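Q: This structure is in structure tokens; I'll ask about it shortly.
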Amino acid sequence: MDLNKPTATCDRGLLNRYLDGELEHNEIKTIQDHVALCEDCLEVLKRNRLFAGALKSAVAREQSGINFDALATRVLMRRNRRPSDWKIRLLERVRLKRFYIPAVSFATAMILFFVVYTPESVPTSPSAIITSFSGEISSVTIMETPNNRQTILWFNEISADNGKAHGSQNS
Amino acid sequence: MAARTANLFVFFFFVFIPATILQAESQVRIEVKTVLASQEAKYHDPQLSNLINELQSVFRYTSYRLLSQNRLSLATGQTGMVRLPGRRVLKITPAGVRGGRAELRLAILKNKNAVFQTVIRLRNQSSITVGGPKHQKGYLLFNIFASY
């Protein structure tokens, strides 16, 4: 492309690369010759130079307030800092919870299941053993319930009126 | 101050609590339910549901009515008394605990005369039902529960 004459297709990309110092020697000569003749490109070049200068000065101004050495030191310290003991223990507990909460829940459920659903064992001996008995009685019956082997002691009193037994068993 | 607190702590855990436990163990807790069983209109006292389930496997009464309920806490050799219907009295004396059973001496008195006496050995957390005296239109049952 002949850049020595102003055209509608002036290469703005080439201008930007010229401004950024990225062109070869012969390209620099070409663009300088073109800009000397093309007022549009000269104007674009001036505007871009102005903008680039303002941008650079603004960045430099901002950077001047930053202490990069201190920032680098802080970043390194943070990277190298180890969590304290209590943090480690807390993290371990949180990790352990994944195991022991389900384990404890399962164990509790099993205990409840066996407590609720395990049938009560039948006693192997009667609830009471009668060692002796005496009194104004005509008879005594000792029984035991079939389910829980609960002892029943039934006595028939002798009536004070006529000396006859008046109790009666109803089994 | 710290030493005093430590002494109190040691006293509480090694003297007071064991002494309390031993004291509690030497006591026999007894509950006596007096029930009127009869063949009147069907009635099952809701407070006697467990007992009635047991009694129905032996008796054919249709009505079980709770007349009274008494709780006693007796030391060995101490006698407790429960007033029963018909000017009767039930005397209970724990004689000790042997072989996992509490030995109880029971005496039923009527007009201050002992009409029935027995010695039983009752399993812990268990009961015996003593029955026989006629009362109104039925018979009296005394369910005696003991724990120690």
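Q: Mind checking A:53-64 for the average number of partner chain beta-carbons within 10 Å of each residue's beta-carbon?
A: 0
Q: GluC sites (Glu not before Pro), restricted to segment A:21-104: which are DSSP loop and have at most 11 other Cβ atoms within 10 Å? Write down the numbers at each step before the final one.
A: Details: sites: A:22, A:24, A:27, A:39, A:43, A:62, A:92; in loops: A:22, A:24.
Here the GluC sites (Glu not before Pro) that fit, given the DSSP loop and packing criteria, are A:22, A:24.
Q: Could I ask something else about it? Can you work out the Karplus-derived ³J(HN,Hα) for every residue in segment B:131-141? Use 6.51 cos²θ - 1.76 cosθ + 1.60 with θ = phi - 60°, whole Hz, and x for glycine or proline.
A: Those phi angles translate into x, x, x, 6, 8, 6, 9, x, 10, 8, 10 Hz.
Q: Would you work out if segment B:95-148 is rounded, prolate or oblate? Take a ≥ b ≥ c from the square roots of the eigenvalues of the alpha-carbon gyration tensor; rounded if a/c is under 1.5, else prolate when a/b is larger than b/c, oblate otherwise.
A: It comes out oblate by the Cα gyration axes.
Q: Through the Karplus equation 6.51 cos²θ - 1.76 cosθ + 1.60, θ set to phi - 60°, convert the phi angles of segment B:80-88 into ³J(HN,Hα) values in whole Hz; use x for Gly and Pro.
A: Values per residue, Gly and Pro as x: x, 10, 10, 7, 10, x, x, 6, 9 Hz.
Q: A further question on this structure: For the pairs A:29/A:56; B:42/B:137; B:91/B:137, flag any whose C-alpha to C-alpha distance is greater than 18 Å.
A: A:29/A:56; B:91/B:137
Q: Further question: Using a simple spin-label model with points 7 Å from Cα along the Cα→Cβ vector, what separation in nm is obtained for residue A:147 and residue B:50?
A: Result: 1.1 nm between the two label points.
Q: Output ³J(HN,Hα) for segment B:42-54: one whole-Hz value per residue in order, computed from phi by the Karplus curve 6.51 cos²θ - 1.76 cosθ + 1.60 with θ = phi - 60°, and x for Gly and Pro.
A: With the stated coefficients, segment B:42-54 comes to 4, 8, 10, 4, x, 6, 10, 4, 5, 5, 4, 4, 6 Hz.
Q: Let me ask something additional. Under the 0.36 nm per residue contour assumption, what length would be gained going from the current alpha-carbon distance of residue A:51 and residue A:108 to full extension?
A: Computed gain between residue A:51 and residue A:108 is 13.2 nm.
Q: Which of A:89, A:17 has the fewest other C-beta atoms within 10 Å, and how do the rest follow up to the most?
A: A:89, A:17
Q: Something else now. Return the distance in nm (one decimal) between the two label points of a simple spin-label model at residue A:66 and residue A:12, each offset 7 Å from Cα along Cα→Cβ.
A: Here the answer is 3.0 nm between the modelled labels.
Q: Under 13 Å between alpha carbons, and skipping anything fewer than 8 positions from residue B:33 in its own chain: which aspartates and glutamates qualify?
A: Answer for residue B:33, where 13 Å is the Cα cut-off: B:45, listed by chain and number.
Q: Quick one: if you stick a label point 7 Å off each Cα along the C-beta vector at residue B:114 and residue B:67, how many nm between them?
A: Between residue B:114 and residue B:67, the simple spin-label model gives 2.2 nm.
Q: Considering only B:131, B:107, B:85, whose Cα is most displaced toward the positive end of the charge dipole of segment B:80-135, charges sitting on Cβ of Lys, Arg (+1) and Asp, Glu (-1)?
A: Going by the Cα projections, it comes out as B:85.
Q: Treat every Asp and Glu Cβ in segment B:55-148 as -1 and every Lys and Arg Cβ as +1, leave all other atoms uncharged, and give the resulting dipole magnitude about the Cα centre to the nearest 20 debye.
A: It comes to approximately 260 debye.
Q: Right, next: Based on other C-beta atoms within 10 Å, arrange A:64, B:57 from fewest to most.
A: Lowest count first: A:64, B:57.
Q: Same structure again: Between residue B:43 and residue B:78, what's the calculated FRET efficiency when r is the beta-carbon distance and R0 is 35 Å? Round to 0.05.
A: 0.45
Q: Would you please classify the overall shape of segment A:1-82 from the alpha carbon gyration tensor, given that a ≥ b ≥ c denote the square roots of the eigenvalues, rounded means a/c under 1.5, and beyond that prolate means a/b larger than b/c while oblate covers the rest?
A: prolate
Q: Please arrange A:106, B:59 by how many other C-beta atoms lie within 10 Å of their C-beta, fewest to most.
A: Numbers: A:106 10, B:59 23.
Fewest-to-most ranking of A:106, B:59: A:106, B:59.
Values quoted throughout were computed directly from the atomic coordinates according to the rules given, and no laboratory measurement underlies them. Source: prediction; values computed, not measured. Positions of Cβ are generated from backbone atoms using ideal geometry, with glycine treated the same way; all protein chains shown enter the neighbour counts.
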